[in-house]
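Input: a single structure, listed below in structure tokens.
The values are calculated or read from the model by the stated rules, or taken from the named source; none is laboratory data. Predicted model, so just to flag it, every value in this text is computed and none were measured. Positions of Cβ are generated from backbone atoms using ideal geometry, with glycine treated the same way; all protein chains shown enter the neighbour counts. Ligands, DNA and RNA are excluded from the accessible area calculation, which covers all protein heavy atoms including side chains. Shrake-Rupley method; radii C 1.70, N 1.55, O 1.52, S 1.80 Å.
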Amino acid sequence: MADISVSLGSHASIAPVTPEELCALYADRVCRFAAVVAGRDGDPEEIAQEALLKAITKLDRFDPRRGSMEGWLWRIVANTAKDATRKARLRALLTGRLARRDSAVVDLEAVAVERLSAGELLEAIARLSPRDRQLLGLRFVADLDTASVGLSAESARRAIGRALDRLRVLVSGGLR
């Protein structure tokens, strides 16, 4: 691997720095800095590793005229920590949405069970078209998500919604 001449921050001289030398000089400090900037949502070791990998792959882009190696490296670590925090928050948001979605399905089933006997519900389902029965069976009995019922996700969502609307009308005795 070719040596790259860079300014080593507090080290006043210009010296060739290889990826190995970068890690030898800064790995411990990067780990400590990552532990401080990681926050609650980040894994400091993962942040440090990812930041060092980014620095190594971008080492040829370091410009000593724009600042020290240390400043450049700390910006990479800080930005990697911010990215990790964003990913963790997004993951938590999506997990929360999935949990609410799953509980909504369970609540719908609980309401149906409270209001109808199994026989009444099966009788109403039997009066639906074969396609509606298949869609509802795949979605609620086989527990497939909307994208897995043989249609595009949006088409399946709409078709299942219409089938549920027709089932509600049948269950309510056409009072809807």
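Restrict the check to the stretch 49-61 and report whether at least one residue is touching a residue at least 40 places away in the same chain (Cβ under 8 Å), at negative phi, open to solvent by less than 70 Å² (accessible area, probe 1.4 Å) and of a type outside the set (Gly, Ala, Ser). Looking through the stretch 49-61, at least one residue is touching a residue at least 40 places away in the same chain (Cβ under 8 Å), at negative phi, open to solvent by less than 70 Å² (accessible area, probe 1.4 Å) and of a type outside the set (Gly, Ala, Ser).
Looking only at residues of the stretch 1-29 that are open to solvent by less than 60 Å² (accessible area, probe 1.4 Å), aliphatic (A, V, I, L, M) and at pLDDT below 90, we find that the one that is farthest from the chain's Cα centre (by Cα) is ALA15.
When the criteria are applied in full, ARG32 fails the requirement of being out of contact with any helix residue (DSSP H, G or I) (no Cβ under 8 Å at 6 or more places or on another chain), open to solvent by 50 Å² or more (accessible area, probe 1.4 Å) and closer than 14 Å to ALA84 by Cα. Within the stretch 34-81, the set of residues being in a helix (DSSP H, G or I) and among the small types (Gly, Ala, Ser) comprises ALA34, ALA35, ALA48, ALA51, ALA55, GLY71, ALA78, ALA81.
Within the group PHE33, PHE62, which residue is aromatic (Phe, Trp, Tyr) and over 29 Å from LEU90 (Cβ atoms)? Don't jump to the end; show me each part of the working.
Working: PHE33 fails: over 29 Å from LEU90 (Cβ atoms).
Only one candidate qualifies: PHE62.
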